[in-house]
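Any read-out appearing in this document is the output of simple, stated calculations on the displayed coordinates, not a laboratory observation. The shown structure was predicted, so the numbers you read here are calculated from the model rather than taken from an experiment.
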Amino acid sequence: GFDGFQTGARPQGWTFTNCNADSDSYTGAGYFGLALPSIKLDETGDAITTRRFAQGSGELNFWLRGSSISLSSSLLVEEYYASTWQTLVDVSGIGNTGATFGPYEINPATEQLRFTYNKVTGNLAFDDVMLAAATPSPTAIPPRSPTPSPTPSALPTPPRTPTPFGFK
């Protein structure tokens, strides 16, 4: 989330290109994810770049909502690794109701993420960026062969001599 963005708080190390003013936020009901505010992207080229982070595989999720947005408007998500920006996903068909997008699996060498708005019409609310460790795929465990049970060996049992009850 971008808690306090509307009052000047910025996540440490993040860069906001053309969307760094306190007014570049939505605080109205339905225009943010888990908590207010969200970032308002209202022009082509508005971009948000994360701080650098430790490399490792992970899954990316984020929350979006259009405001009178064209289905042709999009959010380009890029990952930085091998000293260059690579396209992770170009999200289009964003509706005018809020939704979480992802998970998108990032390259294990990724050090940074960038989100850039391409506007045809309308604005975009952006919130709740989450990068979590990748969920391992379940692997099938092959069935075990039944372990043969040891065959009981027949030991001779000595005959019992009956002792009458109460008598010696």
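Take every Cα pair under 8 Å whose residues are at least 6 apart in sequence, average their separation, divide by the length of the stretch 10-56, and the relative contact order is 48 percent.
Counted residue by residue at 0.36 nm each, then reduced by the alpha carbon distance between them, the extension gain from SER68 to VAL120 reaches 17.7 nm. Relative to its residue count, the stretch 1-146 spans a Cα convex hull of 144 Å³ per residue.
To the nearest µm²/s, what D does Stokes-Einstein give for the stretch 1-56 at 37 °C and 0.692 mPa s, using the Kirkwood radius over alpha carbon pairs as Rh?
276 µm²/s
The three principal axes of the Cα atoms in the stretch 58-119 give end-to-end lengths of 37, 20, 12 Å, sorted in falling order.
Across the stretch 39-111, C-alpha contacts under 8 Å between residues 6 or more apart give a mean separation that, scaled by the residue count, equals a relative contact order of 42 percent.
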